[in-house]
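Data first, discussion second: the structure below is written as structure tokens.
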Amino acid sequence: MQSVLGDYAPVLIFGCVAVVIAAAMLGMALVCGHQKPYPEKLTAYECGFGPFDDARRRFDVRFYLVAILFIIFDLEVAFLFPWAVSLGRIGLFGFLSMLGFLAVLGIGFLYEWRKGALDWD
């Protein structure tokens, strides 16, 4: 039993150090941070809503659409990094399959653009 607990000691130490560092960062932010909001700071930022408003009110679905499109295209572009690293090993077949993938990605992007999903009126 003693050896099992000894094996987990580094994990426990790491967890304790992480908790101490997180608590220190939060404490320093509370101590050193400016807690005086001013009118400019309380205005709507990127989302278009007032910072202190009813959370149950209706708002435009385009916020969701832009977020979903960003996630979709961002994840698809993330496939380019492992492909680029292994391009020397996968050869011509890997290159052509990625060209097909990018063609599908481009067609999807053009479709969204033509449908007006990227327009913000």
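The values are calculated or read from the model by the stated rules, or taken from the named source; none is laboratory data. Since the model is a prediction, treat every value here as computed from it, not as a measurement. In this analysis, Cβ positions are derived from the backbone assuming ideal geometry, glycine residues included, and neighbour counts consider all displayed protein chains. Ligands, DNA and RNA are excluded from the accessible area calculation, which covers all protein heavy atoms including side chains. Shrake-Rupley method; radii C 1.70, N 1.55, O 1.52, S 1.80 Å.
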Flagged in segment 71-92 as in contact (Cβ under 8 Å) with a residue 24 or more places away in the chain and exposed (fewer than 10 other Cβ atoms within 10 Å of the Cβ), in numbering order, are none
Restricting attention to segment 99-115, the residues that are under 24 Å from the mean Cα position of the chain (by Cα), open to solvent by less than 80 Å² (accessible area, probe 1.4 Å) and of a type outside the set (Asp, Glu) number exactly 5
Checked segment 61-70 for anything over 13 Å from GLU112 (Cβ atoms) and surrounded by 10 or more Cβ atoms within 10 Å (Cβ to Cβ); matches are PHE63, TYR64, ALA67
query: Out of curiosity, is ILE21 under 30 Å from GLY116 (Cβ atoms), part of a helix (DSSP H, G or I) and at pLDDT 80 or above?
result: no
